[in-house]
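Encoded as structure tokens, the structure appears first; notes follow it.
The values are calculated or read from the model by the stated rules, or taken from the named source; none is laboratory data. From a predicted model like this one, the values you see are computed outputs, not experimental measurements. Here the Cβ positions follow ideal geometry from the backbone for every residue, glycine too, while neighbour counts run over all protein chains shown. Ligands, DNA and RNA are excluded from the accessible area calculation, which covers all protein heavy atoms including side chains. Shrake-Rupley method; radii C 1.70, N 1.55, O 1.52, S 1.80 Å.
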Amino acid sequence: MKNPRAKHNFQGRTCSITGVGSYVPEKILTNAELEKMVETTDEWIISRTGIKERRIAAANEFTSDLASKAAARAMKMAGITAGQIDLIIVATLTPDMPFPSTACFVQRKIGAARAAAFDIEAACSGFIYALEIGQQFIMSRTYETVLVVGAEKLSSIVNWKDRNTCVLFGDGAGAAILQHRENSHGLLTAVMGADGNKADLLSMPGGGSACPATLTSVADGLHFLRMDGKETFKNAVQAMVSAAHEAMRRCEIDITKIKCVIPHQANQRIIDAVSDRLKTTPEQLFINLHKYGNTSAASVAIALDEAVASGKILRGDLILLVVFGAGLTWGAAVIEW
Ligand code: UT7
């Protein structure tokens with residue numbers, strides 16, 4: 001195995017994930033309950049997506065609340081206090097509000113008084129983008145401790161009358177603490193990609209400078225998420241496979257060296273198609289899609305925490321994260337745990 005970062009001459013400075021944590025809201029929305037809301041069936045949802053239920057945040061529970069709870073668990077595992085955090089990066093497409101950033105609300109809620117804070121938006125690819133950004137600050141010795149969170153309250157932008165999308169998404173958050181650790185390679189590489197030509201495949205057109213909120217924009221449903229499912233599906237498989245290959249090529253490893261593959265939890269059929277092409281074994285794959293649906297930026301972050309908690313990943317194991325989302329964006333990361 002090669003450490004692709006070595007060539008950047010960071011004098012042995014590596015970036016490890018020293019703690020992970022996740023949080024999902026208590027309320028469970030089952031497929032049976034969705035059958036009463038839109039014209040759908042449990043059978044259709046499971047056979048087309050693999051999703052059985054998803055979590056829905058309470059009305060007074062915002063993205064920053066989910067993020068703060070996940071962050072507290074990651075801090076506990078890393079054995080740090082909020083006062084030690086130098087930087088908070090929140091990846092989300094459902095911020096508490098357009099500004100200030102959700103990261104600033106998290107900073108206040110967890111009491112990380114010293115920390116700088118900002119959000120990044122790369123849709124479902126956000127957690128890998130945020131890990132890569134956070135890692136740069138650790139490796140350059142700018143900061144010692146970075147909190148990275150992927151958090152979403154997608155239930156706030158889902159059109160609950162649109163069966164094409166409302167059955168797919170859920171709320172939740174996952175967090176990681178990044179620090180340098182002696183004798184650990186940590187985050188070996190992160191591939192990030194984007195194709196803005198396909199931005200229309202998955203978007204929420206209303207609420208930004210292109211289409212500020214008006215009575216008409218609300219009436220036209222422009223503040224809801226919309227998606228061309230079929231085209232998104234095709235692009236997802238292609239982009240995830242090539243990102244995963246590129247990440248492994250950089251580390252000079254093949255799929256057999258990976259202990260655990262954690263794909264973006266969007267659709268079981270996408271995961272199957274990707275793992276088919278990557279030639280992963282069922283034992284390598286970690287899947288929690290059936291419990292949470294697609295939680296966008298939180299998806300692989302929650303799955304990473306659950307994979308670690310389940311004992312599937314042990315220190316020294318190689319993990320492959322691979323993601324895809326609106327933008328279009330994609331990414332893959334190889335981590336030595
Ligand atoms: O996070 C990253 C971004 N998102 C994704 O990765 C999602 C990617 N896309 C997908 O996962 C799939 O395309 C979907 C699950 C969204 C849809 O599956 P599909 O096999 O592509 O179905 P479809 O869109 O071709 O729809 C097939 C039929 C349609 O009916 P007609 O036109 O054939 O009569 C839909 O109206 O299924 C209908 N349909 C539903 N039926 C029952 C769509 N949604 C539902 C539903 N229940 N919830």
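Filter segment 294-337 down to the residues that are out of contact with any helix residue (DSSP H, G or I) (no Cβ under 8 Å at 6 or more places or on another chain) and open to solvent by less than 10 Å² (accessible area, probe 1.4 Å) and list them by number.
Within segment 294-337, the first condition is being out of contact with any helix residue (DSSP H, G or I) (no Cβ under 8 Å at 6 or more places or on another chain), and the residues that meet it are 303-304, 306-312, 314-317, 335-336.
Once the filter is applied, which keeps residues that are out of contact with any helix residue (DSSP H, G or I) (no Cβ under 8 Å at 6 or more places or on another chain) and open to solvent by less than 10 Å² (accessible area, probe 1.4 Å), segment 294-337 yields A303, L304, A307, I335.
Limited to segment 175-200, what total is found for residues that are within 15 Å of the ligand (Cβ to nearest atom) and under 19 Å from the mean Cα position of the chain (by Cα)? Please lay out each step first, then the result.
Going residue by residue through segment 175-200, those that are within 15 Å of the ligand (Cβ to nearest atom) are 193-195, 198-200.
Cutting the leftovers down to under 19 Å from the mean Cα position of the chain (by Cα) gives us 193-195, 199.
So the count comes out to 4.
Across segment 160-182, what is the total count of residues that are polar (S, T, N, Q) and open to solvent by 40 Å² or more (accessible area, probe 1.4 Å)? Walk me through how you get there before you give the answer.
Of all residues in segment 160-182, those polar (S, T, N, Q) come to 164-165, 179.
Now restrict to residues that are open to solvent by 40 Å² or more (accessible area, probe 1.4 Å): 164.
Summing the residues that are polar (S, T, N, Q) and open to solvent by 40 Å² or more (accessible area, probe 1.4 Å) in segment 160-182 gives 1.
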Hey, among the residues in segment 215-240 that are open to solvent by 70 Å² or more (accessible area, probe 1.4 Å) and assigned to a loop (DSSP other than H, G, I, E, B), which one's farthest from the ligand (Cβ to nearest atom)? D220
Which of the residues spanning segment 59-102 are under 29 Å from G206 (Cβ atoms) and among the polar types (S, T, N, Q)? N60, T63, S64, S68, T92, T94, S101, T102
